[in-house]
Amino acid sequence: MENINAKYVSQKISKTRWCPVSYSSLQQPEVFATGSWDNEDNKVSIWSIGNHNNSGLEDGFEGDPQILCEHKHGGDVLDLQFLDQERMVSASSTGAVTIFRYHPNTHTISVLQHWARAHSYPCDNAPCTALVCSSPEIVTVGEDGRIVVFRADQEGAVRVIGEMRTRMLPPHKESSLKLSVVFVRECRQQHNSRGDLPKDHGALKFDLFIIFLYRAPLHCVDRHPNQQHIVATGGQDGMLCVWDVRQGGTPISLMEAHSAEMWEVRFHPTNPDHLFTCSEDGSLLHWETASHSEMPSFLQGGRNSSVISHGALTPAGGNRPLSSAWLCGDSGKGCLETTHMLPSQTMSVNSLDIIGQCLVCGTDGEAIFVNRHVPV
Amino acid sequence: DLKSVLSLSIQNIPALRRGKHMGFAWGQGNIFVYETLFKATGSGSPFIHEVRKDEDIYSPILRKLFNESHHIFVGLQTIREDLPSKNKKPQFVSISKNYRSVIRACMEELQQVAGYPLIRSVLLQVSILLAIELIWNLCEVLFIDAAPAGSLLLHLLDWVRLHKADVDEKARDVLQSDSPAEHRDYWDVPGGTQTLTEFDVKWRHWHEEVDRCLQDNSFASNQHLEVLCKILLGDEDTLLEHKDLLGTWYHFLVSRLLFCHPTVKPTELHYYAQSCMTMFLDSRSAPEPLDSILLAAFEFDIHQVIKDCSIALNNWWFVAHLTDLLDHCKLLQSHNLHFGSNLREFLLLEYASGLFTHHSLWQLAVDYFDHCLEFGRVYLELQIERVPLDTERKALKVLRICEQRQMSEQVRSICKIMAMRALRNNRLGSALSWSIRAKDAAFATLISERFLQDYCAKGTFSDLDLIDNLGPAMLLSDRLTFLGKYREFHKLYGEKRFKEAAKLLLSLMTAKIAPRSFWMTLLTDALPLLEQKEVIFSADQTYELMFCLEELTSSLNTPSSDSDKSMQEEDVELTKVELLRLALSRNLAMAIVKEGTVET
């Protein structure tokens, strides 16, 4: 826990995301975005932890996040994703979806697109609870139970998949890989439904089917970056579940992770034997599993894309029959190591993001933590 | 400065017209005012104005103070009680230093923001923080660290020097040039290799030497040296001549102690403090609040310090945290206020209640209430219901707080708010889910009714997945159980498991799970089963169905008050009943035949 310091920012942070770095440069990420919630005036802000040559900073402040710019945001920021290195999309509690552009030269943020009522009820606002992007498409879900597809360059919604037969409680989270959308619907018992959106949306088909049910509301989901059939979820009971989508039914492994709601779960994008979870109970856990495969992890799975971030596309090479340690089942507990990454008595950690060795997370104590030397 | 904070401020409400009266009502942390005319009638303004004190909690830089100090506070509460006090003192001192460094960090940031031209309000905040840090530092030296004679003066020197450096950088340089280097060596000694009395003897010896030099006029040639000599002797008049360099009476005090009484004991401080203050301030009329607070500190009157600070400052932050720390150091006698809670708890409750009025900082207040053992829970119960629940996510967080503390009343009330909101937007599944979480049977019944009404109206269910997987939650209310079982019937029917579906359907009526009002629908659902080629209902079951039908029709035939049922509806009802009777009789016949047949 040595390399982690709190930076107090006077706003409760609901989402933190690293700005994607180009993979070829092998750089560690330096810029991240945050979204706030529960403020009278919420904001989307861009921060940098790069070395500032103008500064007079003492050694202890190396890597202290400095704010570059910010922009006001109507409603709580319920989700934030980067479309590419300059554009990010936010989902708001007012039901709006906005694309922001960050200009690194002038350090300003401008609004590119704003869909004010992407999600709504007949007489009220429906929060847009999650979104996922694979440029230029943005798929959002909201509490009104609809899935809406936008294109970054078009005015109106491309497609609204709504009023589904099994309309329920708000779909909560999406993670998308190659336009196949896995999202989590929250209800008393849960599900994961999976739909496939083929690339040419002239003929946009959408198949919805239920993969598995879980006994408590789920709040977050993430897919294994290389092996698309592995999905990790976390929810109200704080349990971390790893599922094999091909089998459905019961989870492969069920681990007691947190004592309160788990808000985000993330596989490490390049080293997926590592998993990170953060929770309402104020802890951020780093899960590490020993991989059974003898091949070093960077050779597993195809990764031809030049941009790495969580919303990015990866090609379909991921169906190799490699066994992953995550599918060990309960016997895998023996080869699973968990580390707390934050000092104790932090308030709820709402969001985390990891690229390379850099971890950023934001809390309800109005603090941001950055760790640049995560052992992965 | 603190004096100005005490003055009343008068705020004009520009929107209210002259000649009208002003009515008002207290809110939480604010006042609502409106225009009215008490005795007359006539047109009035339809507006309500909210008047809010310009609270520190709305300043973004001060927010960091609140968050960081919250973290320190929570850490302080969890220090183990069973450690011996000598081990705890360094911890308390370190916590006190943490608090102060947070104050200083805030001050520095504010000073950067004040910029040019200097913003008056920001400067005011900086000066308040300066005063707070000054007082806290003194309290740390005197009460928490409880420095004994000898090192006491060293600490006081540091205290004054630090504050002087804050206020006036140039003065710091001048001050340093006034203190000759040889002094430094003397001051490393107490607490080091010598005992206090040894040091005292040496010091007196040195003092006499200097005095003799002065009397001998050895420095008569150089006036500056002579002045320096007099200062070293602690000559009051000389010191007072340099009042502008000293700046404050407490600086004068420490200087005088340094030169006259370096081994001053803590208990002797107040005597010197009082006299120094009088000497220094003789030209002014009354001491300012800051002065009397510091004097009270020198007199070791902790309660007076706290009381004066509470009056002088407009935010409970300082007194609450300082009192809490002093209480942990076991320095406060239990000072019972007339409603029974002790001083520390009172201040913490006031502070936390103030936090609760903030749209975002309310979460911090929860921890403060948790550590007020007597009234904290009650306050929390009252306040937490008033947190506006704008989004589901916020409601989940508030619920988690309530559930962790077993506040079932509040859980129920919050879930009901969310469920009503969901109902209003026609999200029945969501509403049901909230009432299940609250274990609110009455509401669950209401929502189940809605589901059933929806079914009757549309012919399909919404939110099937939820109903299908209720599990043990189904037992929360009878209506909910019925809903679940009814849906199960539909599922069985869909899967063509007719016999089981039939059995279930019948049991719904005979076990009185189904409400009477729904029996007609159930019997109508039975029709397709009765008209299958294969016999599904056994003879016994058919008898039971007929019995149910008779029960139903007899109750329908009783003269009901609403005779506004149209002729058409009555016709439909009658037709249905007749169809049912027909189907039942046919089924009965077939069943009897089937059961009586012997397979050969």
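The values are calculated or read from the model by the stated rules, or taken from the named source; none is laboratory data. Since this is a predicted model, take the numbers as computed values, not measurements. Neighbour counts are summed over all protein chains in view; Cβ atoms, including those assigned to glycine, are modelled from backbone coordinates with ideal geometry. Side chains included, ligands, DNA and RNA excluded: accessible areas come from the protein's heavy atoms. Shrake-Rupley method; radii C 1.70, N 1.55, O 1.52, S 1.80 Å.
Calculate, for B:LYS458 and B:ASP540, the FRET efficiency according to 1/(1 + (r/R0)^6) with r their C-beta to C-beta distance and R0 45 Å; round to the nearest 0.05. E(calc), rounded to 0.05, equals 0.85. Between the residues B:HIS359, B:LEU380, B:LEU348, the greatest Cα displacement towards the positive end of the dipole of the range B:316-407, with unit charges on the Cβ of Lys, Arg, Asp and Glu, is found for B:HIS359.
Shielding value for B:361-371 is 2, the average number of Cβ atoms from other chains within 10 Å of each residue's Cβ.
Between B:THR521 and B:LYS265, the distance separating the two model label sites (each 7 Å from Cα on the Cα→Cβ line) works out to 8.9 nm. Per-residue shielding of A:5-18, expressed as the average number of other chain Cβ atoms within 10 Å of the residue Cβ, stands at 3.
Taken residue by residue and averaged, Cβ atoms of other chains lying within 10 Å of the Cβ of B:421-433 number 5. Remark: accessible area buried at the A-B interface is about 3900 Å², both chains counted, probe radius 1.4 Å.
Other residues with beta-carbon under 12 Å from the beta-carbon of B:CYS213 carry, at +1 per Lys or Arg and -1 per Asp or Glu, a net charge of -3. Packing-based ranking of A:146-155, B:435-444 yields B:435-444, A:146-155, ordered from highest to lowest mean Cβ neighbour count within 10 Å. Estimated from the Cβ-Cβ distance and a Förster radius of 35 angstrom, the FRET efficiency linking B:LYS576 and B:MET420 is about 0.50. With a simple spin-label model that places each label point 7 Å from the Cα along the Cα-to-Cβ direction, the separation between B:LEU373 and B:TRP203 comes to 4.2 nm.
The simple spin-label model puts a point 7 Å past each Cα toward its Cβ; for A:THR106 and A:GLN66 those points are separated by 2.1 nm.
Oblate is the label for the range B:429-570, because a/c, from the alpha-carbon gyration tensor with a ≥ b ≥ c as root eigenvalues, is 1.5 or above and a/b does not exceed b/c. On the beta carbon distance between A:HIS340 and B:GLN77, with R0 = 30 Å, the FRET formula returns roughly 0.90.
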